[in-house]
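The values are calculated or read from the model by the stated rules, or taken from the named source; none is laboratory data. Source: prediction; values computed, not measured. All Cβ positions, even for glycine, are placed from backbone atoms using ideal geometry, and neighbour counts span all protein chains on display.
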Ligand SMILES: [Zn+2]
């Protein structure tokens, strides 16, 4: 599990854990989800079929909801959520700003999580179909 999370965070190929999965830096927003056609290390294709990444919308949604819940709890514990002095609205604005700032990371991470559900470490099951 630790290796899985570490691999997701390092943005490496879910199959070989070595090849980089994105061609540009995360702050180059025009290319934020630009991926090579296949892993430079093991040859795993990154887009198995047209529209393969549509499902990442669900993963991204789950990630952003989890992030929002985490910031809500952190704000509640550390600052408090009194409605009288608008603290809850400061949380809301801060959370929206953080979601916008981290959007490239959410998009990339949801793609990697999505890919990792189809390909696993040293998985040769799809090699014949997808490696070439
Ligand atoms: Zn690979």
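Figures for the structure shown
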| item | result |
| --- | --- |
| Sole residue being within 16 Å of the ligand (Cβ to nearest atom) and in contact (Cβ under 8 Å) with a residue 12 or more places away in the chain, chosen from 64, 23 | 23 |
| Residue 18, sole failed condition from (1) within 13 Å of residue 109 (Cβ to Cβ); (2) in a loop (DSSP other than H, G, I, E, B) | (1) |
| Residue selected from the stretch 26-36 under the condition assigned to a loop (DSSP other than H, G, I, E, B) and either in contact with a strand residue (DSSP E or B) (Cβ under 7 Å, 6 or more places away or on another chain) or free of Cβ contacts under 8 Å to residues at least 24 places away in the same chain (or both), by the criterion farthest from the ligand (Cβ to nearest atom) | 28 |
| Index of the failed condition, residue 66 passing every other in (1) more than 18 Å from residue 8 (Cα to Cα); (2) at pLDDT 95 or above; (3) surrounded by fewer than 12 Cβ atoms within 10 Å (Cβ to Cβ) | (1) |
| Output for the stretch 67-94, where each listed residue is within 23 Å of residue 112 (Cβ to Cβ), more than 16 Å from the chain's Cα centre (by Cα) and in contact (Cβ under 8 Å) with a residue 12 or more places away in the chain | 71 |
| Scope the stretch 11-25; condition surrounded by fewer than 14 Cβ atoms within 10 Å (Cβ to Cβ) and touching a strand residue (DSSP E or B) at 6+ places or on another chain (Cβ under 9 Å); matching residues | 18 |
| Residue in the stretch 37-57 that is outside any helix (DSSP H, G or I), exposed (fewer than 11 other Cβ atoms within 10 Å of the Cβ) and within 16 Å of the ligand (Cβ to nearest atom) present | yes |
| Selection count where residues are part of a helix (DSSP H, G or I) and in contact with a helix residue (DSSP H, G or I) (Cβ under 9 Å, 6 or more places away or on another chain), scope the stretch 93-104 | 6 |
